[in-house]
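Take a look at the structure set out below.
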Amino acid sequence: MRYWLMKSEPDAFSIDDLERVGREPWDGIRNYQARNYMRDEMEIGDLAFFYHSNAKPTGIAGIMRIASHAYPDPTALDPDAKYYDPKSKPERPRWYLVDVEFVRKFKRIITLAELRLHQELDGMPLLRKGNRLSIMPVAAEHWDLILGLE
DNA sequence: GCCAACGTTGGC
DNA sequence: GCCAACGTTGGC
């Protein structure tokens with residue numbers, strides 16, 4: 001069982017939206033590294049931080065659970081969808097997603113600025129300069145430390 | 001196969 | 001809204 005961090009812009013889909021629907025396909029990922037994590041490494045039951053990007057403030061808003069194995073992202077195959085990719089074909093899908101389930105919302109956002117204050121978190125990919133990856137692994141010790149901040 | 005141009009992400 | 005970082009595309 002592994003830990004992850006997954007970004008979403010709350011204007012598009014927030015932790016409150018996930019709480020309302022309970023379960024949601026994490027669609028629209030169009031980055032190979034992020035796709036590979038979902039397709040090749042995620043397992044049902046893994047836990048993930050729900051991270052609000054491009055938000056006020058940016059930071060970790062809660063926890064969700066990986067609820068399915070990876071399957072082809074239907075929005076890549078639908079010409080009318082925002083994330084349509086003509087290079088993805090039903091017989092050879094290029095993009096994959098997993099379903100996620102709401103677990104809980106934090107009492108407060110643990111902000112990016114606050115995470116940067118903790119030297120123990122220096123190795124986190126999230127905090128690396130220039131990082132733009134929207135899905136990334138979280139080390140168990142980092143996961144535990146962040147939970148302690150809430 | 002190189003690499004410049006371009007587009008996107010995402011913090012600020 | 002700005003802009004740094006970086007992934008992708010496409011001409012050669």
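Readers should treat all values here as calculations from the given coordinates under stated rules, not as data from a laboratory. Only a predicted model underlies this, so the values are computations on that prediction, with no experimental measurement involved. All Cβ positions, glycine included, derive from the backbone under ideal geometry; neighbour counts span all protein chains shown.
Each Cα pair under 8 Å and six or more residues apart adds its sequence gap; the mean of these over the residue count of chain A is a relative contact order of 31 percent. Our Cα-only numbers for chain A put the radius of gyration and Dmax at 15.2, 47 Å.
Could you check which residue among A:D17, A:D27, A:D40 shows the biggest mean-square fluctuation in a GNM of chain A with a 10 Å Cα cutoff? Taking springs between Cα atoms under 10 Å, the residue moving most is A:D40. Hydrodynamic radius of the range A:1-87 by the Kirkwood approach over all distinct alpha-carbon pairs: 13.8 Å. Taking a Cβ cut-off of under 15 Å around A:E141, the surrounding Lys, Arg, Asp and Glu residues balance to a net charge of -2, with basic ones at +1 and acidic ones at -1. Tilt of helix A:140-149 relative to the longest C-alpha principal axis of chain A, in degrees (0 to 90, nearest 10)? Its long axis makes an angle of about 60 degrees. The GluC sites (Glu not before Pro) of the range A:1-106 that meet both conditions, a loop assignment by DSSP and at most 15 other Cβ atoms within 10 Å of the site Cβ, are A:E43, A:E91.
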